[in-house]
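Read the structure below first, then the notes.
The values are calculated or read from the model by the stated rules, or taken from the named source; none is laboratory data. Note that the coordinates shown come from a computational prediction; the quantities given were computed from them, not determined experimentally. Don't worry about glycine lacking a Cβ; one is built from the backbone with ideal geometry, like all the others, and counts go over all protein chains shown. For the accessible areas, the whole protein counts, side chains as well, though only heavy atoms, and no ligand, DNA or RNA atoms are used. Shrake-Rupley method; radii C 1.70, N 1.55, O 1.52, S 1.80 Å.
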Amino acid sequence: MSGFFKELAKNKVLFLMILPALLFFIVFSYIPMVGVYYAFTNFSFDGGLFGSEFVGLANFKFLFESGALYNLTKNTVLYNLAFIFIGNILQLVCAVFLSELAGKWFKKTTQSIMFLPFFISFVLVGAFVYNLFNFENGVINSLLRQLGMQPYDFYLHTAPWKYIIVFFNVWKGLGYGTVIYLAAIMGISDEYHEAAKIDGANIFKRIRYITIPLLRPTFVLLILLSLGGILKGQFDLFWQIVGNNGMLYDATDIIDTYVYRSLAINFDIGMGTAAGLFQSFFGFVLVVTVNWIVRKVQKDYALF
């Protein structure tokens, strides 16, 4: 303990600089963790946090036995895996193509157009989706009617939504991820490519044997960081696109939307907190496990 105070006296300016960040996490991240206790209670507004009936693991038992937690976890994990891998692969491919374009003006224009959806609110994305797929006046159904075909009520069928949601999520994040990979590509020394050209390597061989391998650490790092939130779905995306449509819950309901409905609509505080706690714990275990595997395979790529 005395060593800590010596270090504090020696570097007090540095400790003062980090103090605002520490206070932020203590106030907004650690103190609210007291609310985890809700997960073990049958919450009532009269009793409050510590006055509500303690029910132990009953909330978790109900979630498991009802099958709700299995479906929520499956949807959340599968959607996030699609977001992570499809998104990162397309971002990597776009970054490689953009880096090889010769026209500077065309490259910058293309990059700006791809980056634009990142700044669009999910509320607007939800409006786009509704105007495309609604039964009465949607663009797709209007086109089907013009062609003499029967319209299709997207909001009554679950099948198309897994593809719609993945498409719009990947579309929205494509430009941002591409910029990250482009920055990594810009950090690759031109000497590698010049040496490969001298050896007779064409553009495809240079991409395959130089660019892609040197981007591997960035790719693995982004995947690892993304896996940390694999049980935290894109709440804005799902809520704005699907909303409170019970017909689509089987294919589109994730832990975040379930927790929101439990807290804000059904007022089932205990059940919502139990689902949220399961989400956080499972995500923590997953990050530690994946990092351990990566550390065994390639130590330099591990986060810790």
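The rows are residues; the columns are (1) more than 30 Å from the chain's Cα centre (by Cα); (2) closer than 24 Å to Leu263 by Cα; (3) exposed (fewer than 10 other Cβ atoms within 10 Å of the Cβ).
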position: Phe4; (1), (2), (3): yes, no, yes
position: Leu23; (1), (2), (3): no, no, no
position: Ile31; (1), (2), (3): no, yes, no
position: Gly35; (1), (2), (3): no, yes, no
position: Asp46; (1), (2), (3): yes, yes, yes
Exercise. Can you find even one residue in segment 163-184 that is open to solvent by less than 80 Å² (accessible area, probe 1.4 Å), among the β-branched types (Val, Ile, Thr) and closer than 26 Å to Arg295 by Cβ?
Worked result: yes
Problem set entry | Failed item in (1) surrounded by 17 or more Cβ atoms within 10 Å (Cβ to Cβ); (2) of a type in the set (A, V, I, L, M); (3) under 18 Å from the mean Cα position of the chain (by Cα); (4) assigned to a helix (DSSP H, G or I), with Leu286 passing the rest | (1)
For this session: With the checklist (1) open to solvent by 80 Å² or more (accessible area, probe 1.4 Å); (2) at pLDDT below 90 in hand, flag the one item Gly187 doesn't pass.
Result: (1)
Exercise. Listed residues Leu8, Leu14, Leu63; which is modelled with pLDDT of 85 or more and either surrounded by 10 or more Cβ atoms within 10 Å (Cβ to Cβ) or touching a helix residue (DSSP H, G or I) at 6+ places or on another chain (Cβ under 9 Å) (or both)?
Worked result: Leu14
Problem set entry | Scope segment 274-283; condition closer than 20 Å to Glu53 by Cα and open to solvent by 30 Å² or more (accessible area, probe 1.4 Å); matching residues | Leu277
Exercise. When you look at Leu98, is it open to solvent by 80 Å² or more (accessible area, probe 1.4 Å), of a type outside the set (S, T, N, Q) and assigned to a helix (DSSP H, G or I), yes or no?
Worked result: no
Exercise. Looking at Lys172, is it touching a residue at least 12 places away in the same chain (Cβ under 8 Å), within 30 Å of Asn134 (Cα to Cα) and not in a helix (DSSP H, G or I)?
Worked result: no
For this session: State which residue is nearest to Leu69 (Cα to Cα) when the search covers only segment 251-268 and only residues that are in a helix (DSSP H, G or I) and open to solvent by less than 30 Å² (accessible area, probe 1.4 Å).
Result: Ile255
Problem set entry | Neighbours by Cβ (under 8 Å, 6+ apart or cross-chain): first from segment 132-152, open to solvent by 100 Å² or more (accessible area, probe 1.4 Å); second of a type outside the set (D, E, K, R) | Asn137/Asn131; Gln150/Leu144
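Residues being assigned to a helix (DSSP H, G or I), among the aromatic types (Phe, Trp, Tyr) and in contact (Cβ under 8 Å) with a residue 12 or more places away in the chain: count how many of those fall in segment 36-77.
Counting residues in segment 36-77 that are assigned to a helix (DSSP H, G or I), among the aromatic types (Phe, Trp, Tyr) and in contact (Cβ under 8 Å) with a residue 12 or more places away in the chain gives 6.
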For this session: Check Gly56 against each of (1) open to solvent by less than 90 Å² (accessible area, probe 1.4 Å); (2) more than 30 Å from Ser262 (Cα to Cα) and name the one condition it does not meet.
Result: (2)
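Restricting to segment 101-131, name every residue that is small (Gly, Ala, Ser) and either closer than 30 Å to Tyr209 by Cβ or open to solvent by 80 Å² or more (accessible area, probe 1.4 Å) (or both).
If the condition is that a residue be small (Gly, Ala, Ser) and either closer than 30 Å to Tyr209 by Cβ or open to solvent by 80 Å² or more (accessible area, probe 1.4 Å) (or both), then Ala102, Gly103 are the ones that fit.
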Exercise. Counting only residues that are of a type outside the set (Val, Ile, Thr) and buried (at least 21 other Cβ atoms within 10 Å of the Cβ), how many does segment 214-247 have?
Worked result: 5
